[in-house]
1. Every residue in the stretch 6-47 that is part of a strand (DSSP E or B), within 13 Å of the chain's Cα centre (by Cα) and not polar (S, T, N, Q), please.
2. Within the stretch 138-148, track down each residue that is in a loop (DSSP other than H, G, I, E, B) and within 28 Å of the chain's Cα centre (by Cα).
3. Scan ALA100, ALA94, ALA90 and give me the residue that is closer than 30 Å to PHE156 by Cα and within 16 Å of ligand 2 (Cβ to nearest atom).
4. Do we find a residue being part of a loop (DSSP other than H, G, I, E, B), in the same structural domain as GLN52 (by TED's automatic domain parsing) and among the hydroxyl-bearing types (Ser, Thr, Tyr) anywhere in the stretch 91-113?
5. List the number of the failed condition for THR36; all other conditions in (1) in the same structural domain as GLN204 (by TED's automatic domain parsing); (2) surrounded by fewer than 22 Cβ atoms within 10 Å (Cβ to Cβ); (3) more than 16 Å from ligand 2 (Cβ to nearest atom); (4) among the polar types (S, T, N, Q) hold.
6. When the residues of the stretch 85-123 are filtered to those that are closer than 26 Å to ILE210 by Cα and among the polar types (S, T, N, Q), which remaining residue is surrounded by the most Cβ atoms within 10 Å (Cβ to Cβ)?
7. Please tell me if VAL234 is β-branched (Val, Ile, Thr), at pLDDT 95 or above and under 21 Å from the mean Cα position of the chain (by Cα).
8. Return the pairs, sorted by first residue and then second, in which the second residue is of a type in the set (Gly, Ala, Ser) and within 8 Å of ligand 1 (Cβ to nearest atom), the first residue lies in the stretch 279-304 and is more than 18 Å from CYS45 (Cβ to Cβ) and in a loop (DSSP other than H, G, I, E, B), the beta carbons are less than 8 Å apart, and the residues are 6+ apart or on different chains.
Amino acid sequence: RAPLLDVTNLHVEFRTQYGVAKAVNGANFRLAPGETLAILGESGCGKSVTAQAIMGILDTPPGYVTQGEIRYRGVDLLKLTEEKRRKVRANRIAMIFQDALSSLNPVYTVGFQLGELFRKHRGMSRADAKKRSIDLLEQVKIPAARTRVDDYPHQFSGGMRQRVMIAMALALDPEVLIADEPTTALDVTVQAQIMGLLADLQQQRNMGLILITHDMGVVADVADRISVMYAGKVVEEAGIYDIYARPAHPYTKALLESIPRLDMKGQQLSVIQGLPPLLTDVPKGCAFNPRCRYARDACRQDPAPPAYAVAPNRTARCHFFREVIGE
Ligand code: SF4
Ligand code: MG
């Protein structure tokens, strides 16, 4: 399948008082129509910045795309005028965030905010826009949509508000939905419901879905492929089954070991020691080496590990992936 979205060699830099932070340092992603890609990693590894670059919402200082291509249906979004870019953002690629309140306006009812989208972008009448808004609230499984459409954002629970935000994002039928930590602020039961809803909507609409998360546990059931990011690079990329069954990168392995499991109740979780590096000061060689239990001399020397082909459609940036995968 030809990719819907094809990100090649993306570099994003931030000027900070400590120097240049390489937030994204040569990242590659592909998303096919109807595919769900999870982008995984701890915070500060470049996941959100990647999403913002795709959306074109960091084009203002201090963040800059310094290199790379972001092709949407073959067209490099980085070469579009701001006006065309805005159109893509409004109609084709939508994004939802962890905090629904920040993307909803507190002073208008959700029906008004949804209706505005239909009136402004689809030229609908007030009555039609309201009807469509109710439809959409029903699609995201908000009970009593017909009355709730007249409620304000603060009158919804956290989970329901997340559903409203999803409705807003889907209003103009995007082909790609990017969800940045969409369930992190919610409790576990609601998390699962929202993930289930996203998965259903993705299927019904045959959308491309990018799920950004630090939690490998929440994407296991819904993602087709996973890209694991560390220090601004994709360190492992593979199909969901391979990643969970036989991770090829020590970082992926460590993330997997940190997923809470029911059969481990009461046991200490293995969390990865240390923190991701400051992006102004990434370690020489493999950026993961100070935290890696497989590290040896070669890992502390430049060049950094390339994206080794582990199998068809599967890469890992680890010199010793064979050893890691074979364990
Ligand atoms: Fe660990 Fe070395 Fe592989 Fe990096 S290259 S992940 S330090 S074994
Ligand atoms: Mg983030």
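1. PHE29, ARG30, LEU31, LEU37, ALA38, ILE39, LEU40
2. Applying the first criterion (in a loop (DSSP other than H, G, I, E, B)) to the stretch 138-148 yields 140-144.
Selection gives VAL140, LYS141, ILE142, PRO143.
3. Details: ALA94 fails: within 16 Å of ligand 2 (Cβ to nearest atom); ALA90 fails: within 16 Å of ligand 2 (Cβ to nearest atom).
Only one candidate qualifies: ALA100.
4. no
5. Answer for THR36: the failing condition is (2).
6. Here the residue is GLN113.
7. Considered against the rule, which asks whether it is β-branched (Val, Ile, Thr), at pLDDT 95 or above and under 21 Å from the mean Cα position of the chain (by Cα), VAL234 comes out as yes.
8. Here the result reads GLN301/GLY285; ASP302/GLY285; PRO303/GLY285, each pair linking the stretch 279-304 to a residue that is of a type in the set (Gly, Ala, Ser) and within 8 Å of ligand 1 (Cβ to nearest atom).
The values are calculated or read from the model by the stated rules, or taken from the named source; none is laboratory data. Note that the structure is predicted; figures quoted are calculated from it, not measured. Glycine gets a Cβ as well: all are built from the backbone with ideal geometry, and neighbour counts include every protein chain shown.
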